[in-house]
Every structure is written in C-alpha cells, then in structure tokens.
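Here the structure is laid out as structure tokens; the discussion comes afterwards.
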Amino acid sequence: MTAVAAPARRRSRLRAVPKVVWLFLLVPALVEVGMVFWPAVNSFYLSLTEWNGLGAAKPVGLANFRNLFSDDVFLGALKNNVVWAIGFGGLSVLGGLALAVALNRPRRGVGLYRSAIYLPMVFSLAVTGLFWRVQYQPDGTINTLLGAVGLDGWEKQWLANPDTALYAVLVAAVWRQVGYVMVLYLAGLKGTDPTLDDASAMDGASAWQRFRFVTWPQLRGVNTVVFAVTVIDSLRTFDIVWAMTQGGPYHSSELLSTYMFQQGFTFLNLGYASAIAVVIFALALVFIITYLIRATKEEAG
Amino acid sequence: MISAPLSRRGFLAGIGGIGAAGLLGACATGSDSGSSAASSTLTLQSSLSDPDPKAALTKVVEGYTKTKTTLNTIAIETFRAQLPTYLNSGNPPDVLTWYAGSVARDYASKGFLLDVSDMWTGNGACANFSPALKELSTANGKQIFVPTNYYWWGVFYRKSMFQQWGVQVPTTWDEFITVCKTIKSKGAAPITMGTGSTAWVASGWFDYLNLRINGAEFHRDLLAGKHPFDGPEVKAVMDHYKQLLEFIDPKGRSYSWQDAVTPLASKKAGMYLIGAFITSAVPADVVDDLDFFQVPIIDPSVPVAEEAPTDGYFASAKSKNPAGAKDLLSYLASAPAQQQFIQLAKSSNLPTSTQVDTSTFSPLVQKGIKMLGEAKGLTQFFNRDSSDELQTTADTALTKFLDKPGDVNAILTEWQASAKKVLGS
C-alpha cells in the first residue's frame with residue numbers, strides 16, 4: 001500500500017480513462033444497485049412491517065423480531081443452523097484437508113481418485129438431495145448395508161426420524177462439499193515449498209510434525225479462503241434441505257433459510273420472512289467482518 | 001436475466017419495491033409484460049406444469065379462436081408465491097388457474113377478483129353447475145370463481161388382493177378395523193400412507209374422521225378457528241386415528257404420497273386413503289384392478305360429507321378486457337372444453353358441467369361421480385378449506401402424533417396454540 005504518494009498521479013490517470021469505459025462501468029453498477037442493493041434495503045424495511053404482498057405494507061415496528069424470539073420453530077432453526085455450521089464446516093474442512101494431504105503425492109491412479117472425490121460437486125445440491133433421499137429410504141442402500149453387516153439394530157428411517165434427519169442431510173451435504181475443499185487444499189499444497197519439507201525430514205521431524213509446523217503455516221492463505229467459503233455456504237444452505245426433508249419431520253431439520261422460504265413464499269408473511277432474512281444477514285455479517293479483520297491483519301503482519 | 005433490468009426497475013417503481021418477493025417477481029412478471037401492448041390479447045396464467053395437464057390446457061386454449069390468448073405456465077410454488085403480485089400488478093394476467101376455497105375468498109374480499117355472477121345465471125356457462133359448486137365459488141354473495149373439474153377422495157385398494165385375502169368392502173368403522181386386522185394377519189400392511197415429503201397426506205384421515213364423527217359444519221368451523229383443536233371433539237377424532245396407527249405401514253413416514261403407492265401396487269399393502277389422482281401414479285396394468293370405497297361411516301346420525309377438491313379459474317378484477325376474460329372463462333367452462341381437458345390430461349377428475357357425456361369415462365370415475373352426487377355436503381381438503389399456513393400446523397401435529405401417539409394431549413395443545421397464531425394474524 002503506497003496510498004500516501006498516490007493522489008496526484010491517480011488524478012491524471014483518472015482523466016485518461018475514456019468516457020465510454022465509465023459508461024460500461026455505470027451500467028453494471030446500476031444493475032447491481034437496482035437488482036441487489038435496492039431489494040436488500042427493501043427487505044430491511046419490510047422486516048419492520050406486516051405484509052402479504054397485497055396493498056400497502058403495515059408498519060409494526062420491531063414486533064416481527066419480538067415474535068421471532070418467542071417462536072419455537074425459529075429458535076429451533078437457529079440452533080440447527082449452529083449445528084449445521086459447525087458440522088458442515090468442521091467435517092468438510094477436516095475431510096477435505098485429509099484427502100488433499102493423502103492425494104497430494106503423485107502416484108499411480110491418484111488423478112482418478114481426485115476426480116472421483118470431486119465428482120459429486122458436479123451435481124447440483126437438489127440432485128444430491130434426491131440421490132441421498134433414495135439411499136436413506138427404509139429399504140435403501142444404507143439400511144440394506146447395515147443389515148448385511150449385522151447391524152440391523154442401527155437401521156432407521158433416517159429422514160423421518162427427528163433425531164437423525166438433520167444429520168442425515170448434513171452427511172449428504174458434506175459428501176458433496178468435501179471434494180471442493182480438497183481441491184482448494186490441493187492447490188494450496190502445490191504452493192508450498194517442497195524443499196522445506198525435505199529439509200525438516202532430514203532434520204528428523206515426524207510426518208505429523210512436518211505437517212503441523214512446516215506445511216500448515218504455509219496454508220494460511222488457503223485457510224482463510226476455505227473458512228469464508230464454508231461459512232457462507234453453510235449459512236446459505238437451502239436447496240439440499242428442501243429437497244430432502246423440507247425442514248421436517250415437524251421442523252426438526254429446519255434451517256433459517258428454509259423457514260424464511262416457507263414463511264415468505266408459501267405463507268406470504270413477507271414481513272416476518274424479511275425479519276428472518278435480516279437475522280441471517282446479521283449472522284453472515286458477523287462472520288464476514290471477523291474474516292475481513294483477520295485477513296487484513298494478516299496482510300499487514 | 002440479461003434483458004431483465006429494464007422491466008425489473010419498472011416493476012419495482014410500479015409497486016413501490018418489495019424486496020425479496022420482487023426478486024422472483026422480475027422473472028414472472030417479465031413474462032406477461034408482452035401483453036401490455038395490446039389489450040386485445042388475453043393472458044392465461046397457469047400453474048399446471050405437469051406434462052399431461054399442461055399439454056391438455058395448451059390444446060384447449062388453441063381451440064379458443066375469438067381472441068388471441070397467451071398461455072403462461074409457471075411452477076406451482078412460484079405461482080402461489082407470486083399470485084398476489086400478479087393480481088396486484090397494473091397489468092395483470094386476465095385469467096388464472098386456481099382452486100375454490102378460502103384463499104380465493106380472501107382475494108375476493110380485497111377486491112382483486114372479477115365478479116362473474118352473470119356467468120352463473122340464465123344462459124351463463126356455469127348456470128347448470130350444482131348448488132354445492134356455486135356455494136364453493138361464492139364470496140360475499142357474488143360468484144368469483146369458475147370451477148371446471150373436481151375429484152374425490154376414497155380408500156383405494158386392489159380388487160384381486162381383497163379377493164385373495166377374503167375380505168369384503170367395509171361400510172362401518174368396526175368392519176373396517178376387522179378388515180385391517182385380517183390384512184395384517186396375512187402379513188401385509190393394511191394401510192399405506194406417504195407422509196414423508198408430503199406430510200399433508202396425514203390430513204386425509206384427519207379430515208375424514210372429523211367429517212364422519214363431527215360432521216362437515218363442525219369441520220369447516222374448526223378450520224375457520226371457531227372451535228379449538230384441543231377440544232373434546234378433536235380428541236374423539238384422534239382417538240379413532242389412534243386405532244389406525246398399528247395398521248399404518250411405518251415406512252410411509254419416509255415416503256412421498258407417490259412412493260407410498262408402490263406397496264399398494266406391489267401387493268405389500270392393502271389400502272390407501274388418497275385422492276383420485278392416485279390413478280396417475282399406479283402402473284398401467286394395475287389401474288384396472290384398482291377400486292375404492294367410501295370412508296366407512298362412524299356415526300350414522302352425522303350427514304355424510306365427502307372431500308371434493310375443486311379446480312378451475314378466476315379472472316383478475318384489473319383485467320384490461322373483462323368482457324374478453326369472461327368469454328374465455330365461458331369457453332373453458334363449456335362442456336366440450338371440460339371434456340377435452342379431462343381426457344387429454346389423463347386425470348380421473350370429474351367435470352363440473354352436467355352436460356359433459358360421462359358415459360365414456362372409466363367405471364372408477366363413474367363411481368366417484370355417484371359418490372359425490374349422493375353426499376349431503378362437500379368439503380375440499382384441509383389446506384383448501386383453511387390455508388397453506390394452517391396446513392403446516394396440521395402437518396406438524398399429525399406427523400408428530402404418528403410418531404408419538406401417547407403425547408396426543410400435548411400435541412393438540414401445541415396445535416391449538418400454533419393455529420391461533422396463524423388465524424389471529
């Protein structure tokens with residue numbers, strides 16, 4: 001950053017930009033404002049109203065937010081979102097990292113494994129959900145396998161049981177995400193310096209020590225990217241839950257996003273749904289700000 | 001989406017900007033902006049996106065030559081979410097598919113629907129429809145809805161299997177329970193019911209038990225919030241529901257209503273209380289073996305009522321061409337159009353017009369027509385008689401009840417509390 005010396009030079013450079021370029025910049029800016037920011041600002045306003053899409057919205061102050069915190073379904077969804085963020089983030093990062101480390105070394109057929117693990121990423125989340133729903137059926141693959149290895153007692157109606165539904169969906173989501181995280185880490189590992197690894201091996205460091213104290217610090221940049229991607233993905237999770245359980249049975253796998261969709265687009269309680277959206281936005285903001293602060297600190301350091 | 005910004009901004013300016021709902025609105029309202037140029041073109045907004053009904057309606061609309069008519073088909077989820085926006089926009093679709101019931105009445109009370117009372121009198125297209133249908137289509141003394149077909153609910157079974165099991169069609173509750181016991185003793189699940197991704201199916205038994213025990217009037221009042229869900233009447237309903245639980249295939253909790261047809265078709269389950277649309281989900285070679293019976297009578301002193309969900313059309317009050325919209329509605333309600341639609345859609349729906357020649361319809365459909373004709377009262381279905389939001393409270397309560405019948409009192413108290421929230425708002 002050499003911001004101090006910049007102004008004079010930058011002004012002359014600004015003048016050098018042809019007018020048509022400004023025009024090209026202006027159009028996407030207007031589209032962005034009109035299609036992203038304006039609706040977003042509106043949903044803040046709507047969260048303070050009661051509106052079913054007809055006529056004028058009725059301002060109700062903070063009533064929607066007060067109702068939210070006495071709404072058991074919302075509180076359940078909030079709790080599920082925490083479970084989801086931790087489970088989805090933790091499992092996909094651990095799994096992705098482990099796979100990346102295991103598949104980093106060139107050896108025969110490694111490309112095949114990498115592609116196979118990345119393959120689920122090609123499917124949309126909705127398709128993933130449908131695929132896993134079939135596996136979780138009472139007579140589906142999972143119960144059949146459990147029965148085949150003598151674990152009949154573990155057979156369950158995975159998606160119809162309120163105790164397992166959320167986790168069953170979580171497994172499906174992680175199954176898809178893990179390949180993506182693996183690819184990010186593989187790229188990160190390619191950027192590490194192999195001579196450091198060799199040198200520490202010469203010095204007698206164990207495999208774990210080499211990973212923990214030599215490789216891991218070099219992955220810092222990738223980690224921040226993975227962190228951001230995972231947090232955002234886990235907060236915006238919607239389609240896979242909708243495709244597999246629609247938040248059921250009786251709201252036990254409800255996430256904030258599915259509850260918002262149901263309130264907004266099935267029941268047309270647009271004010272209430274906007275209040276949920278605002279909560280999701282606030283949560284995302286907390287994570288993103290922490291992430292940005294960390295990222296800038298690291299850059300400065 | 002690239003061409004969307006212009007129409008989108010216009011749309012936002014038009015209704016004052018509505019944030020989240022507007023995002024979807026851009027896509028949907030974008031499609032009918034083409035009709036703004038000429039009010040001589042009529043727009044028919046349809047939610048029939050399944051292949052057969054969509055093809056059928058396309059064919060029917062092609063047969064209407066008086067005014068050029070554009071058919072927009074939109075998936076039901078989007079359609080439902082966007083319906084208020086359609087009706088409220090400055091340039092609404094002229095005619096829309098919908099169903100009779102409380103949602104239509106709600107829109108009518110806000111003045112969004114075209115008064116079509118004149119179609120129900122004299123030589124009007126709906127003049128020969130039954131009084132029950134007229135009542136369904138009425139809001140505040142005016143007719144605002146044009147029903148074109150409806151269907152029935154019943155307990156479907158395979159004739160060959162009943163023969164094999166040696167059971168007769170039951171007409172009373174006790175006989176029904178005996179049939180269940182017999183089927184169970186033969187190693188099959190007596191009742192199949194897909195309440196996994198389609199939890200609303202569980203309301204089928206609730207509705208019917210309530211109709212048989214407390215009657216149609218009580219049922220309507222209950223759904224309108226005039227009686228509590230934790231009162232003695234509903235408890236009596238749940239007592240009967242509880243008797244069924246041991247006979248219901250537990251795997252159904254993971255199934256959709258379509259999945260739950262498979263055990264019935266493959267002879268692993270005996271009976272299924274479901275709408276006539278089941279015929280579209282059974283394999284072709286089973287359809288002829290499929291039959292149904294009326295949900296058994298529990299209290300003979302209660303007038304017999306049946307569920308008859310009714311589909312049709314309404315027109316937007318803000319239509320630029322109300323006369324044209326009514327003419328299109330008259331065409332859609334006419335006997336030939338109804339017949340053409342029902343046959344092309346391959347549905348088991350019944351025509352609302354008495355002039356449709358039903359003699360070519362299958363015996364199953366004939367039986368359905370007869371049953372509804374003899375009913376003393378008609379209701380539609382839980383969500384149509386109340387709202388989709390109240391339906392969710394029923395889904396929660398009833399699926400929980402299927403899992404934990406012992407908690408019935410707590411479940412009903414919770415149901416009443418969430419129903420009150422919905423109805424109070």
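Coordinate-derived values only; no laboratory data. If you're wondering where the values come from, they're calculated on a predicted model, not measured in any experiment. All Cβ positions, glycine included, derive from the backbone under ideal geometry; neighbour counts span all protein chains shown.
Miscellaneous remarks
- On Cα atoms only, tilt of B:202-213 relative to the major axis of chain B in degrees: 70 degrees
- Only lysines eight or more places from B:Lys320 in sequence, or on another chain, were considered; those with a Cα closer than 19 Å are B:Lys66, B:Lys68, B:Lys110.
- Global form of segment A:63-300, assessed from the alpha-carbon gyration tensor, a/c cut-off 1.5: oblate
- Residues B:His227, B:His219, ranked from the fewest to the most other C-beta atoms within 10 Å, line up as B:His227, B:His219.
- The peptide list B:184-196, A:118-130, put in order of mean Cβ contacts within 10 Å with the highest first, becomes B:184-196, A:118-130.
- Helix axis angle, B:4-15 relative to chain B longest principal axis, alpha carbon, degrees: 90 degrees
- Segment B:280-339 shape via C-alpha gyration tensor axes, a/c threshold 1.5: oblate
- Partners of A:Lys58 within straight-line reach, counting aspartates and glutamates whose Cα lies under 12 Å from its Cα and excluding those fewer than 8 residues away in the same chain: A:Glu50.
- Pairs from the list B:Lys159/B:Lys268; B:Lys326/B:Lys376; B:Lys186/B:Lys251; B:Lys159/B:Lys181; B:Lys242/B:Lys400 with a Cα-Cα gap above 20 Å: B:Lys326/B:Lys376.
- Chain A: relative contact order in percent, alpha carbon pairs under 8 Å with at least 6 residues between: 28 percent
- With Cα atoms, 0 to 90° folded angle of helix B:388-403 axis to chain B main axis: 20 degrees
- Counting neighbouring Cβ atoms within 10 Å and putting the fewest first, the residues B:Arg80, A:Arg133, A:Arg105 line up as A:Arg105, B:Arg80, A:Arg133.
- Segments B:339-345, B:273-279 sorted - mean Cβ within 10 Å per residue, highest first: B:273-279, B:339-345
- Prolate/oblate/rounded call for segment A:143-188, Cα gyration tensor, a/c under 1.5 rounded: oblate
- In this structure, the amide hydrogen of B:Thr70, modeled 1.01 Å from its nitrogen in the peptide plane, lies closer than 5 angstrom to those of B:Leu42, B:Thr43, B:Leu44, counting only residues at least 5 positions away or on a different chain.
- Extension gain for B:Thr172-B:Thr262 works out to 29.7 nm (0.36 nm per residue, less the C-alpha to C-alpha distance).
- Taking packing as the residue-averaged number of other Cβ atoms within 10 angstrom, the listed peptides B:209-217, B:404-412 run from highest to lowest as B:209-217, B:404-412.
- The mean count of C-beta atoms from other chains within 10 Å of the C-beta of residues in A:261-269, rounded to a whole number, is 6.
- Distance from the alpha carbon centroid of segment A:54-91 to that of segment B:312-381 works out to 42 angstrom.
- The lysines within cross-link reach of A:Lys190, meaning a Cα-to-Cα straight distance under 28 Å and a gap of 8 or more places when in the same chain, are A:Lys297.
- For chain A, the membrane-span-like helices by this rule, meaning whole DSSP H stretches whose C-alpha atoms cover at least 18 Å of axis and whose Kyte-Doolittle mean is 0.0 or above, are A:19-32, A:72-102, A:165-190, A:220-235, A:270-300; this says nothing about an actual membrane.
- Residue-averaged [θ]222 nm for the protein assembly as shown, counting only DSSP H segments that reach four residues, each worth -39500 (n - 2.57): -17000 deg cm²/dmol
- Stretch gain in nm, segment A:Asp203-A:Ile86, where the contour uses 0.36 nm per residue and the Cα spacing is subtracted: 38.4 nm
- Whole-angstrom gap from segment A:190-227 to segment B:223-253, using each part's C-alpha centre: 62 Å
- Label-to-label distance, nm, for residues given as B:Ala417 and A:Ala148 (7 Å Cα→Cβ offset): 4.6 nm
- Per-residue mean of C-beta atoms belonging to partner chains within 10 Å, peptide B:77-87: 3
- Neighbouring Cβ atoms from other chains, within 10 Å of the Cβ of residues in A:244-255, number 4 on average.
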